[in-house]
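Visitor: One structure coming up, written as structure tokens, with questions to follow.
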Amino acid sequence: MEYLSDIELYFCKTVYKEQNYFLLEDDEFKHCIKVMRNKKGQKIYATDGAGNLFEAEISEINKNFLKAEISGTKTFQNPYTNFTFCIPNLKNPERLKFALEKCTELGVTNFIIFNSERTIAKNINLSRLNKIVFSALKQSLRTYLPEIHIANQLKEIDTHNKKVIVFDQNSEVYLKDLTFNQNEEYLFVFGPEGSLTKEEIKFLNPDKIVKLSENRLRSETAIIKAASILL
């Protein structure tokens, strides 16, 4: 395969591995044919969002989809499947978008977006959030499509059998000094503007309370910095 940085990546939700082909449909089909002007016989690359990168040749172009014969497959491992970022529903939706984009580019594949007691914006548009990480996946040439779950309040987050890491500027422990076990599930919980309440921290019963730096950071900056340290 060519260097990943040289390719245009598509997303194929319909893959027939035994028959060795996939389909591009809907917006992916339109982008491939009408925007990128690919023709029958040309080579394209696609991911199924489950770690597989396919090299293929377009064999059929129909009205609403194309068929591509797979000539090569490269499967990537996801070493961070045990990390979940619990991100508050930020007041400014553009800042939440920015945090999700950058975390996806860095390799985070599990998110929980939650409303805390101090959350100002209560509505969470899951469809919009999924589009954000989908676009970031393709832009950064990642092969694992992140999963996003919604918690309308922090107490809906399942902490059972998970290590909970909470961020607090007053902690004496730095995230960069922690070590992690691949066999453990970790929840990294970030506070909203105004931080988590004492009751929320009590509910979480964190295994560790850590800080990222000596400086106070915006919520979205803290989220991205944590991802860059962990990944």
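Visitor: Give me the extension gain from D168 to N215: residue separation times 0.36 nm, minus the current Cα-Cα distance, reported in nm with one decimal.
Guide: Roughly 15.8 nm would be gained on extension.
Visitor: How many angstrom separate the Cα center of region 1-58 from the Cα center of region 107-154?
Guide: Each part's Cα centre sits 25 Å from the other's.
Visitor: Here is a further query. Can you work out the FRET efficiency for the pair S228 and H160, with r the C-beta to C-beta distance and R0 = 35 Å, to the nearest 0.05?
Guide: Here the calculated transfer efficiency is 0.75.
Visitor: Something else now. Order 50-57, 189-196 from most to least packed using the mean count of other Cβ atoms within 10 Å.
Guide: Ranked from most to least packed, the peptides come out as 189-196, 50-57.
Visitor: Within straight cross-link reach of K198, meaning Cα distance under 13 Å, which aspartates and glutamates are found once same-chain residues fewer than 8 apart are removed?
Guide: Within the straight-line cut-off, K198 pairs with E117, D168.
Visitor: What trypsin sites (Lys or Arg not before Pro) does region 18-70 have in DSSP loop regions with at most 15 other beta carbons within 10 Å?
Guide: Qualifying residues, ordered by number: R37, K39, K40, K63.
Visitor: Then there is this: Report the relative contact order of region 4-75, percent, no decimals, based on alpha-carbon pairs under 8 angstrom and at least 6 residues apart.
Guide: About 32 percent, as a whole number.
Visitor: In whole percent, what relative contact order does the chain give with Cα contacts below 8 Å and a gap of six or more residues?
Guide: 19
Visitor: Ok, one more. How far, in degrees from 0 to 90, does helix 93-106 lean away from the longest principal axis of the Cα atoms of the chain, to the nearest 10?
Guide: Computed tilt is about 70 degrees.
Visitor: How do 132-138, 182-188 rank on mean C-beta neighbours within 10 Å, highest first?
Guide: The densest-packed peptide leads the list: 132-138, 182-188.
Visitor: Mind checking the angle between helix 126-139 and the chain's longest principal axis? C-alpha axes, 0 to 90 degrees, to the nearest 10.
Guide: Approximately 60 degrees, to the nearest ten.
Visitor: May I ask you to list the lysines whose Cα is less than 29 Å away from that of K34, ignoring any residue fewer than eight positions away on the same chain?
Guide: Within the straight-line cut-off, K34 pairs with K13, K17, K43, K63, K67, K74, K97, K102, K131, K138.
Visitor: Using only Cα atoms and rounding to the nearest 10 degrees, what angle (0 to 90) does helix 219-230 make with the longest principal axis of the chain?
Guide: It works out to around 70 degrees.
Visitor: Can you list residues whose amide H is under 5 Å from Y10's amide H, if they're 5+ apart or on another chain and H is modeled 1.01 Å from N?
Guide: For Y10, whose amide H was placed from the backbone, the distant partners under 5 Å are Y45, A46, T47.
Visitor: Grab the DSSP H runs of the chain that are 4 residues or longer, score each as -39,500 (n - 2.57), total them, divide by all residues and round the 222 nm result to the nearest 500 deg cm²/dmol.
Guide: Rounded to the nearest 500, the figure is -6500 deg cm²/dmol.
Visitor: Another question, then. Under a crude label model (7 Å from the Cα following the beta-carbon direction), how far is K34 from L126 in nanometres?
Guide: Placing both labels 7 Å beyond Cα along the Cβ direction yields 2.9 nm.
Visitor: In straight Cα distance, which aspartates and glutamates are under 16 Å from K30, not counting same-chain residues fewer than 8 positions off?
Guide: Here the aspartates and glutamates satisfying the reach criterion relative to K30 are E8, E60.
Since every read-out is calculated from the coordinates, none of them should be taken as a lab result. Not measured: the values here are computed from a predicted model. Note that each Cβ is placed from the backbone with ideal geometry, even for glycine, and that neighbours are counted across all protein chains shown.
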